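The values are calculated or read from the model by the stated rules, or taken from the named source; none is laboratory data. The shown structure was predicted, so the numbers you read here are calculated from the model rather than taken from an experiment. For neighbour counting, all protein chains shown are included, and Cβ atoms are generated from backbone atoms with ideal geometry for every residue, glycine included.
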Ligand SMILES: Cc1ncc(C[n+]2csc(CCOP(=O)(O)OP(=O)(O)O)c2C)c(N)n1
Ligand code: SF4
Ligand SMILES: [Mg+2]
């Protein structure tokens with residue numbers, strides 16, 4: 001059934017269809033619409049789930065760690081400061097091998113307070129052992145959330161479905177909502193591999209000496225590797241039922257492209273327009289959209305960029321002192337490939353600033369007309385004068 | 001009181017606590033009282049070590065270790081999941097130290113009891129962060145030496161009254177207990193088990209290592225804490241009905257202080273001042289009990 005939904009609503013519908021059993025969350029703009037709807041679904045009985053109205057994001061994730069360890073399917077949603085507050089428990093959730101699913105609305109971190117889109121919040125959690133998906137539109141958000149449950153439960157790792165603040169969370173689009181019976185076929189009830197059970201008392205998460213800890217960490221890394229192949233199969237199964245597939249990466253006209261834009265999130269949509277305009281002018285340009293960030297789709301990135309000469313990475317984030325984060329990832333994926341393309345790194349759209357088609361075109365020409373990339377990431381669209389003061 | 005319960009042993013003897021550790025005695029009696037249909041949530045504390053390293057475990061009930069400040073929240077989630085699975089029988093109990101309760105875990109605890117989550121929160125109180133090497137907490141009493149209140153910088157602030165803080169949340173049941181009064185402890189744990197909603201038990205649990213006392217003095221000193229009115233035994237129902245379980249006045253506080261290395265530096269004048277404080281706290285408690293009698 002098609003309905004016109006906000007990205008936030010698309011998340012909520014997926015969580016309803018996934019039949020999450022314990023939901024725990026704390027409000028933060030722009031995540032609030034997700035949890036308001038789910039709170040209503042729990043109160044009215046539209047979902048047979050318990051909604052915990054906890055006193056912080058830290059407790060939201062802690063309570064889900066308790067719930068998921070007791071053998072039920074769980075969900076939370078957060079953004080920015082809330083995700084940062086959860087940091088310790090992000091590690092805990094993956095270390096405890098709990099398939100918790102979270103929607104994370106990409107928002108800038110303070111100070112100063114800024115509620116608009118920026119990927120630095122989720123990307124700075126890249127080493128926490130969470131699977132991370134970056135979505136382009138509301139349909140993808142809904143589909144990916146359902147797939148995230150199946151994947152997380154298969155490999156026993158938590159998963160984060162990431163969507164851009166406002167451009168996606170608060171934008172209405174037509175979304176096809178799958179039939180509940182079909183979803184049940186795709187995602188059967190949660191079958192925990194372990195749980196707290198008085199009939200079979202076990203201790204979870206206790207002291208681990210160096211004699212065992214390393215193997216446990218290696219297991220997590222292996223599970224991440226497995227998640228990549230599992231996801232491809234899961235998408236296959238999903239496509240059979242629902243006729244939609246996105247890929248861990250999506251290569252658009254990369255085969256004959258000299259310059260490839262590398263994008264994630266809603267910037268991809270804008271980039272598709274720019275691609276069309278540039279192609280019409282005869283430019284050999286492509287797009288590589290990265291959907292799956294963790295585990296890192298190294299092989300897929302290499303394959304898609306096989307014949308490109310240059311890749312222009314658009315980062316709506318920054319690791320201060322090291323530049324755009326996707327750019328670092330792409331360099332890492334390519335560095336041992338003989339004759340790999342040059343990697344150009346651009347930072348754009350920080351803190352909710354628009355990434356316009358004009359800006360993307362500017363990035364294209366800059367990349368095409370330069371012999372070698374600069375050492376550092378290039379910040380695009382910076383103002384030279386702010387409040388009457390010239391920036392040095 | 002179900003005294004038969006005391007025969008049931010849900011803790012193994014091979015734990016890794018120090019000799020004379022009050023926290024291990026407290027757990028043993030608590031589990032005897034609650035029985036095997038219990039899930040324990042355990043924030044970081046000495047007990048994270050006492051419970052034993054993987055793949056061993058010192059208790060015979062399901063146990064989930066948790067991050068230091070999450071005792072109230074993890075228990076909320078466990079309870080929610082058990083309820084959804086239709087398990088109304090299992091008791092969820094958080095077992096945290098004073099640091100995990102009075103300090104870093106206070107927010108999650110306050111949040112959980114404000115929601116009246118259906119669980120028992122037990123704080124075993126050894127009056128400092130022992131796991132990390134005897135640092136002061138807001139439970140460390142006036143006068144105490146710790147590694148972060150060393151020398152003449154001994155703690156000159158009063159211990160936070162955690163039971164009153166919980167009582168202010170109007171929870172159905174709050175009580176103090178002490179390892180030297182096991183029958184009282186077991187009765188309170190069983191009473192807590194029979195009540196729904198958020199219940200809080202504050203157990204005084206001596207720590208020979210941190211208090212600088214011989215291990216064989218563990219029980220004696222814990223008992224004296226009650227007998228001097230330093231740690232009164234009482235219960236509060238629904239945030240208003242106070243019952244004092246023991247009205248002693250057998251020793252002056254100096255007797256209790258003299259036995260412990262952590263108080264060695266205190267002068268007679270300091271001890272007189274402490275006596276005043278203890279008297280004042282006790283009078284206040286009596287007034288509350290009378291007011292609601
Ligand atoms: C966030 C965080 N900060 C610090 C620690 C280190 N830490 C572990 S246990 C502990 C002290 C515990 O004190 P308490 O709760 O009184 O229990 P005790 O060890 O005295 O039994 C500390 C500081 C931690 N595990 N997590
Ligand atoms: S340090 Fe104290 S509380 Fe910790 S195990 Fe030893 S005696 Fe028990
Ligand atoms: Mg302590």
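Looking only at residues in the range A:1-12 that are touching a strand residue (DSSP E or B) at 6+ places or on another chain (Cβ under 7 Å) and closer than 22 Å to residue A:265 by Cβ, which one is nearest to the other protein chains (Cβ to nearest Cβ)? So the residue we want is A:11. Evaluating residue B:13 against the criteria (1) within 10 Å of chain A (Cβ to nearest Cβ); (2) farther than 26 Å from residue B:102 by Cα leaves one unmet condition, (1). Identify, please: which residue in the range A:28-58 is assigned to a loop (DSSP other than H, G, I, E, B) and within 14 Å of another protein chain (Cβ to nearest Cβ) and is, among those, surrounded by the fewest Cβ atoms within 10 Å (Cβ to Cβ)? The extreme case among them is A:45. Among the residues making up the range A:59-86, a single one is at the interface with chain B (Cβ under 8 Å from one of its Cβ atoms) and surrounded by fewer than 24 Cβ atoms within 10 Å (Cβ to Cβ): A:71. Restricting to the range B:133-145, what's the tally of residues that are within 12 Å of ligand 2 (Cβ to nearest atom) and either touching a residue at least 60 places away in the same chain (Cβ under 8 Å) or within 14 Å of chain A (Cβ to nearest Cβ) (or both)? Matching residues across the range B:133-145 total 1.
So which residues in the range B:162-187 are touching a residue at least 60 places away in the same chain (Cβ under 8 Å), buried (at least 22 other Cβ atoms within 10 Å of the Cβ) and in a helix (DSSP H, G or I), if there are any at all? Correct list: B:185 only.
The residue that is farthest from ligand 3 (Cβ to nearest atom), among those in the range B:79-113 that are outside any helix (DSSP H, G or I) and out of contact with any strand residue (DSSP E or B) (no Cβ under 7 Å at 6 or more places or on another chain), is B:86. Considered as a group, the residues in the range A:351-370 that are over 13 Å from residue A:273 (Cα atoms) and exposed (fewer than 15 other Cβ atoms within 10 Å of the Cβ) include one that is nearest to the chain's Cα centre (by Cα), and that residue is A:354. Take residue A:193 and tell me if it is surrounded by fewer than 19 Cβ atoms within 10 Å (Cβ to Cβ), under 30 Å from residue B:45 (Cβ atoms) and away from chain B (no Cβ under 14 Å). Yes: the conditions hold for residue A:193.
Among the residues of the range A:298-316, those identified as buried (at least 23 other Cβ atoms within 10 Å of the Cβ) and either outside the structural domain of residue A:260 (by TED's automatic domain parsing) or part of a loop (DSSP other than H, G, I, E, B) (or both) are A:305, A:308, A:316. Identify all residues within the range B:41-78 that are within 8 Å of chain A (Cβ to nearest Cβ), buried (at least 24 other Cβ atoms within 10 Å of the Cβ) and assigned to a helix (DSSP H, G or I); write none if there are none. Across the range B:41-78, the qualifying residues are B:72, B:73, B:74, B:75, B:76, B:77, B:78.
Table: residues versus (1) surrounded by fewer than 24 Cβ atoms within 10 Å (Cβ to Cβ); (2) modelled with pLDDT of 95 or more; (3) within 16 Å of ligand 2 (Cβ to nearest atom).
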| site | (1), (2), (3) |
| --- | --- |
| B:8 | yes, no, no |
| B:15 | yes, no, yes |
| B:84 | yes, yes, no |
| B:96 | no, yes, yes |
| B:101 | no, yes, yes |
| B:111 | yes, yes, no |
| B:114 | yes, yes, no |
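Please work out which residue is farthest from the other protein chains (Cβ to nearest Cβ), limiting yourself to the range B:18-39 and to residues that are within 16 Å of ligand 1 (Cβ to nearest atom), within 27 Å of residue A:65 (Cα to Cα) and in contact with a helix residue (DSSP H, G or I) (Cβ under 8 Å, 6 or more places away or on another chain).
Only one residue tops the list, namely B:26.
So which residues in the range B:208-250 are within 16 Å of ligand 3 (Cβ to nearest atom), outside any helix (DSSP H, G or I) and more than 26 Å from residue B:191 (Cα to Cα)? Within the range B:208-250, B:212, B:213 meet the criteria.
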